[in-house]
Amino acid sequence: MTDDHMADHWWWRPGWRPGRRMYTWHFTFDGQPAVHDLAAAYQARLAPLPDLDLIPARWLHLTTQGVGFTDEVSDDEVTALTSASAERLKGFAPQRVTLGPARVTPEAILLDVAPAEGLAGIRRQLREAIGDVLGAGRLMEGDGWTPHVSVAYSNGTGPQAPYLVALEDEQTAETVIGTVELIVLGRDNRLYEWTTRSVVPLAGDSAGVPGGALR
């Protein structure tokens with residue numbers, strides 16, 4: 001697929017299959033109307049266009065760090081991981097971020113999230129906790145990471161041009177991220193859906209924590 005065309009997001013990534021679930025850390029946006037309103041504004045422009053799955057407000061998320069499939073991580077490991085993550089994050093305060101404007105990628109229409117520094121620092125600590133509890137050999141994904149929130153996923157292979165035109169009127173929104181959630185994630189219905197296993201608050205004063213201040 002060329003860079004000026006879309007691609008179907010819903011191919012089965014390695015390890016995934018219908019009905020399988022994954023533990024993963026996400027930032028989510030329940031009860032954050034500024035994020036919901038921004039996503040809805042962009043989705044209203046995208047709705048007349050084909051081959052997109054628009055993401056309902058309740059399922060908006062910022063993918064952060066995978067942990068492992070639920071059939072490969074024990075309940076004791078989940079408990080230990082939650083405790084280790086909470087300990088590592090206790091110095092981090094809530095993060096003020098800006099979402100948008102939207103941009104087109106081959107598999108999704110997404111909102112970049114900035115500044116990335118504080119969120120990346122949180123992710124590094126989550127990765128350290130996973131290494132401590134599960135071992136470095138079970139650490140998923142790499143260090144590189146660009147925080148973003150998708151508003152629609154592509155299910156087709158048409159040209160990107162109509163989507164680019166629909167997004168010409170740029171908008172942004174600010175919000176505060178105050179928790180990170182360990183969720184049980186599925187992707188069976190051309191949608192990422194989850195239940196929450198545990199929540200770690202970002203409630204520190206950020207003293208001595210690079211990127212940890214309310215921004």
Of (1) closer than 23 Å to G19 by Cβ; (2) modelled with pLDDT under 95, V184 satisfies all except one. Which? (2)
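Return the residues of the range 108-122 that are more than 15 Å from T172 (Cα to Cα) and either touching a helix residue (DSSP H, G or I) at 6+ places or on another chain (Cβ under 9 Å) or open to solvent by less than 30 Å² (accessible area, probe 1.4 Å) (or both); say none if nothing qualifies.
In the first step, residues of the range 108-122 are kept if they are more than 15 Å from T172 (Cα to Cα); the result is 108, 116-122.
Those that are more than 15 Å from T172 (Cα to Cα) and either touching a helix residue (DSSP H, G or I) at 6+ places or on another chain (Cβ under 9 Å) or open to solvent by less than 30 Å² (accessible area, probe 1.4 Å) (or both): A108, G118, L119, A120, G121, I122.
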In the range 19-31, the residues that are out of contact with any strand residue (DSSP E or B) (no Cβ under 9 Å at 6 or more places or on another chain) and either modelled with pLDDT under 95 or not charged (D, E, K, R) (or both): G31
Go through the range 89-107 and give me each residue that's open to solvent by 40 Å² or more (accessible area, probe 1.4 Å), assigned to a strand (DSSP E or B) and either of a type in the set (S, T, N, Q) or under 23 Å from A7 (Cβ atoms) (or both). T98, P101, R103
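Confirm whether S206 is at pLDDT below 95, polar (S, T, N, Q), under 27 Å from A86 (Cβ atoms) and surrounded by 13 or more Cβ atoms within 10 Å (Cβ to Cβ).
Working: at pLDDT below 95: yes; polar (S, T, N, Q): yes; under 27 Å from A86 (Cβ atoms): yes; surrounded by 13 or more Cβ atoms within 10 Å (Cβ to Cβ): yes.
Yes: the conditions hold for S206.
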How many of the residues in the range 156-181 are surrounded by fewer than 18 Cβ atoms within 10 Å (Cβ to Cβ), under 17 Å from the mean Cα position of the chain (by Cα) and either in a strand (DSSP E or B) or at pLDDT below 95 (or both)? 3
For D143, work out the one condition from (1) farther than 27 Å from H36 by Cβ; (2) open to solvent by less than 50 Å² (accessible area, probe 1.4 Å); (3) out of contact with any strand residue (DSSP E or B) (no Cβ under 8 Å at 6 or more places or on another chain); (4) assigned to a loop (DSSP other than H, G, I, E, B) it doesn't fulfil. (2)
When you check D30 against the structure, is it over 14 Å from V151 (Cα atoms), surrounded by fewer than 16 Cβ atoms within 10 Å (Cβ to Cβ) and more than 17 Å from the chain's Cα centre (by Cα), yes or no? no
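The values are calculated or read from the model by the stated rules, or taken from the named source; none is laboratory data. Since this is a predicted model, take the numbers as computed values, not measurements. For neighbour counting, all protein chains shown are included, and Cβ atoms are generated from backbone atoms with ideal geometry for every residue, glycine included. For the accessible areas, the whole protein counts, side chains as well, though only heavy atoms, and no ligand, DNA or RNA atoms are used. Shrake-Rupley method; radii C 1.70, N 1.55, O 1.52, S 1.80 Å.
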